[in-house]
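S.K.: Let me give you the structure first, and then I'll get to my questions.
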Amino acid sequence: AQSVTQPDARVTVSEGASLQLRCKYSYFGTPYLFWYVQYPRQGLQLLLKYYPGDPVVQGVNGFEAEFSKSNSSFHLRKASVHWSDWAVYFCAVSMSWYNQGKLIFGQGTKLSIKP
Amino acid sequence: EAAVTQSPRNKVAVTGGKVTLSCNQTNNHNNMYWYRQDTGHGLRLIHYSYGAGSTEKGDIPDGYKASRPSQENFSLILELATPSQTSVYFCASGPGLGGTETLYFGSGTRLTVL
């Protein structure tokens, strides 16, 4: 069955440090992959999305993600985190090219920033 | 900017009661979705719609109904609420253009069923 796993429920990094949030997916076929971010008391917002092509995808606010078919992964990275990145990050895979709103989400990773 | 508004923001209901969660979007998007968010599960799809008059079952539809009376409005209905339906519910809309979908989420409704 299709699934998305985010193995780290919580991650804490220092402001200015680099960041990697892990995402592993299980999907038979061509995956369409997404990272969404949820800031406190808000709905989710799209950070970036992957369609087949260049494995490194650039997103908003300096975020990027790299798709690896061999590892079934879509890890999120940022070179230098800011306190405003404090949020919950969700990795998701679409079950359908036609309707990419039908998403399977991972459990989320809560990112905290140390000053 | 895309706008999705949910009401109410918070709701307390009694077991066995009827609950209606409302969602309005001003994006003129074709597709709308209801997800619930629970700790340890991420978000899970309950129902979705391709347009006015259309509703489709998602991954966890049991105990829920949906209604899409117009392009702008999409409701989630719990006919007989149970404590297991205590959760945060998110509505989202998307253009439904195939291959280019980006979802725009509302701020959520926190439902507590006692």
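The values are calculated or read from the model by the stated rules, or taken from the named source; none is laboratory data. From a predicted model like this one, the values you see are computed outputs, not experimental measurements. As a convention, Cβ positions derive from the backbone with ideal geometry for all residues, glycine included, and neighbour counts pool all protein chains shown. Side chains are part of the model used for accessible areas, which takes the heavy atoms of the whole protein and leaves out ligands, DNA and RNA. Shrake-Rupley method; radii C 1.70, N 1.55, O 1.52, S 1.80 Å.
S.K.: Using a loss threshold of 40 Å², tell me which positions in the stretch B:65-114 are less accessible in the complex than in their chain alone. Probe radius 1.4 Å, ligands and nucleic acids ignored.
M.R.: When all protein chains are present, B:G98, B:G99, B:E101, B:T102, B:L103, B:F105 each give up 40 Å² or more of accessible surface.
S.K.: Kindly flag which residue pairs out of A:K49/B:K18; A:K78/B:K57; A:K114/B:K57; B:K11/B:K57; A:K49/B:K11 have an alpha-carbon separation exceeding 31 Å in this structure.
M.R.: The pairs that break the limit, which is 31 Å between Cα atoms, are A:K49/B:K18; A:K78/B:K57; A:K114/B:K57; A:K49/B:K11.
S.K.: Evaluate peptide A:94-100: per residue, the Cβ atoms of other protein chains within 10 Å of its Cβ; return the mean as an integer.
M.R.: For peptide A:94-100, the averaged partner shielding equals 5.
S.K.: Just counting partner chain Cβ atoms within 10 Å, what average do the residues of peptide A:43-55 show around their Cβ?
M.R.: If you average over the peptide's residues, the count of other-chain Cβ atoms is 3.
S.K.: Per the Cauchy relation, a quarter of the hull surface: what is the mean projected area of the convex hull of the alpha carbons in the protein assembly as shown, in nm²?
M.R.: Working: hull surface 49.1 nm².
That works out to 12.3 nm², a quarter of the Cα hull's surface.
S.K.: Still on this structure, please answer the following. Quickly rank A:82-92, B:17-27, A:11-21 as a protection proxy: mean count of other C-beta atoms within 10 Å, highest first. Spell out each step's value before the answer.
M.R.: Values: A:82-92: 19.1, B:17-27: 17.5, A:11-21: 14.6.
Descending mean neighbour count gives A:82-92, B:17-27, A:11-21.
S.K.: Determine the per residue accessible area of chain A with all protein chains present and a 1.4 angstrom probe, expressed in square angstrom.
M.R.: Values: 5500 Å² over 115 residues.
Averaged over the residues of chain A, the accessible area is 48 Å².
S.K.: Run through every distinct alpha carbon pair of the stretch B:4-113 and return the Kirkwood hydrodynamic radius in angstroms, one decimal place.
M.R.: 13.7 Å
S.K.: Given Cβ point charges of +1 (Lys, Arg) and -1 (Asp, Glu) and nothing else, what value in debye, to the nearest 20, does the dipole of the protein assembly as shown about its Cα centre take?
M.R.: Details: 20 positive and 14 negative charges, 91 e Å.
Charge dipole of the protein assembly as shown: 440 debye, to the nearest 20.
S.K.: Amide H to amide H, which residues 5 or more places from B:L43 or on other chains are under 5 Å from it, using H placed in the peptide plane?
M.R.: Close amide H contacts, sequence-distant or interchain: A:F105.
S.K.: Would you please name the GluC sites (Glu not before Pro) within the stretch B:10-83 that are DSSP coil residues with at most 16 other C-beta atoms within 10 Å of their C-beta?
M.R.: Values: sites: B:E56, B:E72, B:E79; in loops: B:E72, B:E79.
Answer in residue order: B:E79.
S.K.: Averaged over B:22-35, how many beta carbons belonging to a partner chain fall within 10 Å of each residue's beta carbon? Don't skip to the answer; put the middle values down first.
M.R.: On the way: counts 0, 0, 0, 0, 0, 0, 0, 1, 2, 4, 1, 4, 0, 5.
Taking the mean over all residues of the peptide, I get 1.
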